[in-house]
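Enquirer: Handing you this structure, nothing more for now.
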Amino acid sequence: MNNMNNMNDVNGRDNAATRPAILQLPQLCLQGALSCFQQACLLVVGGRAPEVEWLRKASEGRIVWAVDHGLDACLAAGIVPQRLIGDGDSAAPAAWHFAEKKGIPIEKFPPEKDDTDTQLALRIAKEAGFPAAIVTGAFGGRFDHALSTVMSCAFAPLPCLLADEREAIFFVHGGESVTCTPESAPKAISLLPLTGSCRGVNLTGMHWPLAGATLEARSMRAVSNVLAEGSSSLSVSLTDGLLGVYFVWRE
């Protein structure tokens with residue numbers, strides 16, 4: 001079991017003052033317009049399960065919620081989530097029964113509904129007062145599921161970041177700047193415009209830098225970049241739009 005149950009406040013806000021002014025994930029350090037993630041909840045959703053050790057490290061000092069099949073990943077890592085959300089159509093029946101027996105608060109929804117389980121979890125997290133969400137278990141599997149999760153997080157009612165040991169994506173809005181320091185050099189780094197166009201894009205520390213560039217969603221041309229020789233970090237900013245910054249370490 002992880003150390004969540006040692007926290008005094010169910011939303012984890014009492015420990016925020018002791019955290020550094022950066023976001024540290026097992027393989028990535030982020031600085032800049034992401035201070036809200038210091039108090040983020042960790043949502044474990046139902047895509048490709050993160051590796052056990054990665055999930056244990058990512059969960060340290062955080063409130064963990066399982067989203068349907070994400071419950072299986074939590075239990076495999078020895079983590080008892082503080083809440084379970086979903087329609088129960090993908091988690092193992094034994095895992096769901098364990099959650100009920102353990103007394104984990106469950107937000108159960110009918111399978112026939114408009115919103116996905118992840119969309120519901122993001123809305124509930126916002127209503128619970130979390131300023132941001134780190135989402136794992138978001139990659140792999142069906143393309144439509146992965147795309148739905150990424151876009152739902154990009155336009156969620158609270159800031160989101162998606163990550164596991166293989167991939168990560170975070171979102172930068174117009175007027176924001178973020179500096180990233182990967183623990184190891186990613187295989188590729190891509191900029192993904194998620195609005196019609198992203199203007200005033202600046203990118204430093206990369207083999208192919210950008211200065212005041214305009215990136216359009218219809219072309220997606222700023223993909224498969226790499227860190228510049230001798231560079232251990234990158235910085236990205238833009239004046240207008242919504243930009244996804246994607247890392248891949250292992251396919």
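Enquirer: Report the relative contact order of region 138-195, percent, no decimals, based on alpha-carbon pairs under 8 angstrom and at least 6 residues apart.
Expert: 20 percent
Enquirer: What does the extension gain come out to for S232 and M220, with contour length at 0.36 nm per residue minus their alpha carbon separation?
Expert: Length gained between S232 and M220: 1.9 nm.
Enquirer: Continuing with this model, one more query. State the cysteines of the chain left without a partner when partners are defined as other cysteines whose beta carbon lies under 4.7 Å away.
Expert: C29, C36, C41, C74, C180, C198, each lacking another Cys Cβ under 4.7 Å.
Enquirer: Another question, then. Rank T204, F170, L122 by how far each Cα sits towards the positive end of the charge dipole of the chain (+1 on Lys, Arg Cβ; -1 on Asp, Glu Cβ) and give me just the farthest.
Expert: T204
Enquirer: Sticking with this structure for a sec: Return P(r) of the chain (all Cα-Cα pairs; 10 Å bins starting at 0; whole %; ordered from short to long distances).
Expert: 7, 32, 36, 19, 5, 0
Enquirer: Given Cβ point charges of +1 (Lys, Arg) and -1 (Asp, Glu) and nothing else, what value in debye, to the nearest 20, does the dipole of the chain about its Cα centre take?
Expert: The calculated dipole for the chain is roughly 300 debye.
Enquirer: Can you tell me, using C-alpha contacts under 8 Å and at least 6 residues apart, the relative contact order of the chain as a whole percent?
Expert: Details: 577 pairs, mean separation 46.5, N = 251.
So the answer I get is 19 percent.
Enquirer: Sticking with this structure for a sec: Return the FRET efficiency for the residue pair H173, D114: r is the Cβ-Cβ distance, R0 is 30 Å, and the value is rounded to the nearest 0.05.
Expert: 0.70
Enquirer: Taking the alpha-carbon centroid of each part, what is the distance from region 175-245 to region 57-90 in angstrom?
Expert: Spelled out, the Cα-based centre of one part sits 31 Å from the other.
Enquirer: Can you give me the relative contact order of region 166-251 as a percent, contacts being Cα pairs under 8 Å and 6 or more apart?
Expert: After rounding, I find 50 percent.
Enquirer: Related question: Any idea what the dipole of region 34-165 comes to, in debye rounded to 20, about its Cα centre with Lys/Arg Cβ at +1 and Asp/Glu Cβ at -1?
Expert: Dipole magnitude for region 34-165 comes out near 360 debye.
Enquirer: Let me ask something additional. Can you give the helix-only mean residue ellipticity at 222 nm for the chain, where every DSSP H stretch with n ≥ 4 adds -39500 (n - 2.57) and the sum goes over all residues, rounded to the nearest 500 deg cm²/dmol?
Expert: -5500 deg cm²/dmol
Enquirer: Another question, if that's okay. Please report, in Å, the Rg and the Dmax of region 168-250, where both are computed over Cα atoms only.
Expert: 11.6, 34
Enquirer: Further, regarding this structure: Please give the peptides 115-125, 48-58 ranked by average Cβ packing (other Cβ atoms within 10 Å per residue), highest first, as a rough proxy for protection.
Expert: Peptide ranking by packing, descending: 115-125, 48-58.
Enquirer: Also, quick follow-up: Nearest 20 debye, what's the magnitude of the dipole of region 166-251 about its Cα centre given +1 on Lys and Arg Cβ and -1 on Asp and Glu Cβ?
Expert: Computed about the Cα centre, the dipole is about 180 debye.
No value in this document is a laboratory result; all are computed from the given coordinates. The structure presented is a predicted model; accordingly, all values stated were derived computationally and were not measured. Because the Cβ atoms are built from the backbone with ideal geometry, glycine has one as well, and the counts that use them run over all protein chains shown.
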